[in-house]
Each structure stands twice: as C-alpha cells, then as structure tokens.
Amino acid sequence: MGSAAHGFALVTPASRGLGFAFAQQLLAQTELPVIATARKNCNEVREQLLSSSGVSRGEEKRLRLLEVDVTDESTISAMTETIRHEYPNTPLRLALTLPGILSVEKSPAQIDSAAALESFQVNALGPLLLMKHLSSFLPKRSAPAFPTTDSSSSEDKLTLPSHAIYAMMAARVGSVSDNASGGWYSYRASKAAVFQLTKTFDLHLRTRSAEKALAVALHPGTVRTDFTREFWGGREMLEPADSAGRLLKFLASLPPDVQGGRGRCWDWKGEEVYP
C-alpha cells in the first residue's frame, strides 16, 4: 500500500453500478487507499468489492466502507472526521462524487414538488455538501506533488498524475445548449447545477491549489444499471466497467493547466459536453 504521500482515493456512492465499478478498478489498478461509501449495507458492499474481478483479498487493508447519505449532512461530516482520524496527513488524490436520482417528467403537469425537491437534494445539494466537507483534503499550492509510478510494464495498472483530481458526475441532459427534446425538468435542472458547481469550485482551486488540484465534471454515457433500466431499449449502452475504465483513463491524462480542460465537463470518449 502506498504511503500517505501518495494520497487516497474516494468514491461516493460505490454501492452499485458506476460507483461500484470505479471502486473496483481503483482497488485493482492502483495501490491507493480507497474510501468508498454506501447509504446502507456497508459490510455487504465491502465483501462484494473484495470478491469482484481483479481484486484480491489482500487488498482488504486498502478498502474502507463508510455510511453516507448525501441528504443528511451529518453523515458527510462523520465521514470526513473518520478520514482525518484514520488517514492523518493524507491528501485526497482522486475523488469521484456520483450521487444521482432520476425523476422523469414529460410535461410540466407531471412535476411533483416532493420528487423535484429530492432531485435537487441528491443531484445538486449532495455534490455541493460533499465539496464543502472534502475540499480541505485537497493539496494546497505549497504541497509537494504526488509521486507517480511507471506502469509501462503493466497494462492493467492506472498511472495517476502528480496533481489531485476532484470529479463530479454531471449528465449530458444537464447541458442547456444540448437540450433539443425537452422534458425531464427536475433532472435536467439539478444536473445543470453540476456544470456550475464544477466551474466555480475549480476557480477556487486555481487560487488555493494552483496546479496541484483541479475540478472537472463527467458524463458517463448511458450506462446499463438499475438507474437507467427504463431506457435500455433503442440506444447505445455502456457497461459500468467500460464507462468507469474510460473515464479513469481520461482523468489520468487530464493536465492541470487552465487550457487543459479543468473546470469543464467531459464525456467517456474524452469529448467536451458544453453547458
């Protein structure tokens, strides 16, 4: 396992689908401590990760499962206190924040106040609160760069850059400029907020961290999970492992300079999704 100087990775939530695939691949392809979260059944999720493809039981010391519900800020605060206690002086090297809930309204008449509020609580306020509590773990401009390792001899290993990456999960349907079909009011609006949060947080990091940390938003494609089950027919689908792998490779290649793509949204093909 890497030393504290190598930092830690965080995936929230990681109980299933894309988040599970991210956590599994980070365990299999890096030596970083991996902190993963779930709203419930943490022990069960932990066992599933440790028995997943490419992960050996010897990696159990690197995996920590914590209970987090992004609609309850106290659980986010408790997570960060646990991290400070169990990983002292260890910076956050890679964060993948993925909270999401889907409420589909095809017309204004279908908008339900409670369902719409929940969409904003999970899709917009959830990432905002995670950012609030996790931002202090990112390296400052005076911090040393993360050491990198040469993975050229092993194609199944991920070489992370020497700077930290804070990624938030957006969605193409959150893009105003890409909206040509309408509908999905609360989901579109709440995911549009992630574009703004990403840019605003990255501007903060440019001052606080300079090129030692950046923020970016991601669009994973239409991934074959329970989240998208209603829309499996008639469209191109990605398996969670495929989407996660492509996004991790893209993040690992993303430079920290202002012209390199920080503060913007990118899809699983490495193509920009405009706000």
Take the residues of region 85-99 that are exposed (fewer than 13 other Cβ atoms within 10 Å of the Cβ) and touching a residue at least 12 places away in the same chain (Cβ under 8 Å): which is nearest to A5 (Cα to Cα)?
N89
In this structure, does I76 turn out to be surrounded by 16 or more Cβ atoms within 10 Å (Cβ to Cβ) and farther than 24 Å from P220 by Cβ?
no
Counting only residues that are under 19 Å from the mean Cα position of the chain (by Cα) and farther than 12 Å from L26 by Cα, which one in region 46-66 is surrounded by the most Cβ atoms within 10 Å (Cβ to Cβ)?
L65
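What are the residues in region 244-259 that are in a helix (DSSP H, G or I) and either modelled with pLDDT of 95 or more or in contact with a helix residue (DSSP H, G or I) (Cβ under 6 Å, 6 or more places away or on another chain) (or both), if any? First the steps, then the outcome.
Residues of region 244-259 in a helix (DSSP H, G or I): 244-253, 258-259.
Scanning region 244-259 gives A244, G245, R246, L247, L248, K249, F250, L251, A252, S253.
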Counting only residues that are hydrophobic (A, V, I, L, M, F, W, C), part of a loop (DSSP other than H, G, I, E, B) and surrounded by fewer than 17 Cβ atoms within 10 Å (Cβ to Cβ), which one in region 100-122 is modelled with the lowest pLDDT?
V104
Got a number for residues in region 163-218 being assigned to a loop (DSSP other than H, G, I, E, B) and closer than 30 Å to D112 by Cα?
12
Inside region 34-45, can you point out the residues that are in a helix (DSSP H, G or I) and surrounded by fewer than 16 Cβ atoms within 10 Å (Cβ to Cβ)?
N43, E44
Being among the charged types (D, E, K, R) and over 19 Å from V223 (Cα atoms) is the filter here, so list the residues in region 156-177 that pass it.
D156, K157
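Being surrounded by 14 or more Cβ atoms within 10 Å (Cβ to Cβ) and either touching a Phe, Trp or Tyr at 6+ places or on another chain (Cβ under 7 Å) or in a loop (DSSP other than H, G, I, E, B) (or both) is the filter; apply it to region 222-237 and report the residue that is modelled with the lowest pLDDT. Break it down stepwise before answering.
Let us first name the residues in region 222-237 that are surrounded by 14 or more Cβ atoms within 10 Å (Cβ to Cβ), namely 222-225, 227-228, 237.
Okay, now just the ones that are also either touching a Phe, Trp or Tyr at 6+ places or on another chain (Cβ under 7 Å) or in a loop (DSSP other than H, G, I, E, B) (or both), so 222, 224-225, 237.
On the way: T222: 86, R224: 78, T225: 67, M237: 78.
The extreme case among them is T225.
Has region 50-63 got any residue that is in a helix (DSSP H, G or I), among the polar types (S, T, N, Q) and either under 21 Å from G245 (Cα atoms) or in contact (Cβ under 8 Å) with a residue 60 or more places away in the chain (or both)?
First pass over region 50-63, keeping only residues in a helix (DSSP H, G or I): 50, 57-62.
Imposing the further condition that a residue be among the polar types (S, T, N, Q) reduces the set to none.
No, every residue in region 50-63 fails to be in a helix (DSSP H, G or I), among the polar types (S, T, N, Q) and either under 21 Å from G245 (Cα atoms) or in contact (Cβ under 8 Å) with a residue 60 or more places away in the chain (or both).
Among S190, S162, S177, which is the only one that is surrounded by fewer than 18 Cβ atoms within 10 Å (Cβ to Cβ), at pLDDT 95 or above and either farther than 20 Å from V11 by Cα or hydrophobic (A, V, I, L, M, F, W, C) (or both)? It would help to see each step written out before you state the result.
Numbers: S190 fails: surrounded by fewer than 18 Cβ atoms within 10 Å (Cβ to Cβ); S162 fails: either farther than 20 Å from V11 by Cα or hydrophobic (A, V, I, L, M, F, W, C) (or both).
The match here is S177.
Are any residues in region 83-99 closer than 22 Å to A213 by Cα, touching a strand residue (DSSP E or B) at 6+ places or on another chain (Cβ under 8 Å) and outside any loop (DSSP other than H, G, I, E, B), and if so, which ones? Talk me through it step by step, then tell me what you get.
So the first thing to find is which residues in region 83-99 are closer than 22 Å to A213 by Cα, and the list is 83-84, 87-99.
Filter again for touching a strand residue (DSSP E or B) at 6+ places or on another chain (Cβ under 8 Å), leaving 83, 87, 90-99.
Passing the criteria: I83, L92, R93, L94, A95, L96, T97.
The values are calculated or read from the model by the stated rules, or taken from the named source; none is laboratory data. As the structure is a computational prediction, the values presented were derived from the model and not from experiment. Quick reminder, even Gly has a Cβ in these numbers, built from the backbone with ideal geometry, and neighbours come from all protein chains shown.
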